[in-house]
Amino acid sequence: MPTLFNRNFGYANAEAFKKLFSNSGQYFYIGLGVHEGNISSTTPADSFDDEFTIWENMLSMSRVIDGNVRYVTRMYEWTTGTAYTIYEHDATNIMTRDGSSVNPFYVVNNRKVYKCISNNSGSQSVTAPTEEITSGMIKHDSATEDGYVWKYMYTISTTDNNNFVTTDEDGNKWMPVDILEFDNDVGTAGGQWDVQTNSIDGSVYHITSTSGTPHSVLAAGGYSNGAAVTLTGDGSGFTGEVATHLSTLNQGASYKYVKVTNPGSGYRNITEVKIAGNVISNLKAIVSPRGGHGWNASRELGGHNIVVKTTFSGLGTGSSTKSTSDTLFVVVASNLAL
């Protein structure tokens, strides 16, 4: 029978693999070896003889510690003039639709990582996100800004940027992403720990539309600025109002939107969006991921891949040589008697 695995299976595998290197009672090694000829088969060799061959062709080994292992996800650098995709809790392809760098739902700017909450009814982003606001959202709603709403997630440290930002053979860039288990920078405010602790589970920071754009729905309905927006659902505390983005820019100027004045909390199922007490069937409230925006950056941004950084010594010495027709291979081993 067929077997289906969702992305949670990938997270579980990545978490289990990463935890191997943090076990103080075990030593783990990465081995680099050479196989004579190219490996073209997609079926792995699995005999005892093949195991002997692997060890006989080993060139070098290096011990790996927890600090040399990171979760990674695709890296998309903010580019002016791009219409970015918004985060949506019910999008079944939330992680696969960003397989193209055309319109991902998160970006990196100067090592700072942001999630797109609102794109001002599909406008192009021309105001770079630069702020490190650890509570709530970054709202580019002034007259000289593009109307986007961003969530600051974390900043890639200089060390991690140098060690773990990498490019694969297809030209895709990857960046480190993680969830903190303790405050790793107690003396400094504004870090990822503050983002995590300030996140609000079941919050609503954006109202989008199921047909057209939020602007087209609100403009067609003739709703005036200041009209109250409320929700019917299992959470509480949300308040919002109709507003207009009075921008001097060409991007999203005079677009109507729902200005969130209180994101509320505890929402999982929202059945109605109301304006001035009237149900608007083609408006949809976007609910935060479990724990709130920024609570678990690794899961929120698809960090279920692993990068291991290590250095192999002694390559190119001794009697082992590698021809251009040979294939390098890597193995992971634990508790070796070296």
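Each value in this text was obtained by applying a stated rule to the coordinates, not by laboratory testing. Just so it is clear, the structure is predicted and the values come from calculations on it, not from any experiment. Cβ atoms come from the backbone with ideal geometry, glycine included; neighbour counts cover every protein chain shown.
What to note about this one:
- For His245, the shell of other residues with beta-carbons less than 13 Å away shows a net charge of 0, using +1 for Lys and Arg and -1 for Asp and Glu.
- Residue-count net charge about Gly292 - beta-carbon cut-off 15 Å; Lys, Arg +1, Asp, Glu -1: +2
- Computed over the stretch 202-287, the P(r) tail beyond 22 angstrom holds 20 percent of alpha carbon pairs.
- Residues of the stretch 146-172 with amide N under 15 Å of the 7 Å Cα→Cβ point at Thr130: 146
- Separation in nanometres of the label points that stand 7 Å from Cα toward Cβ, at Thr166 and Phe17: 1.0 nm
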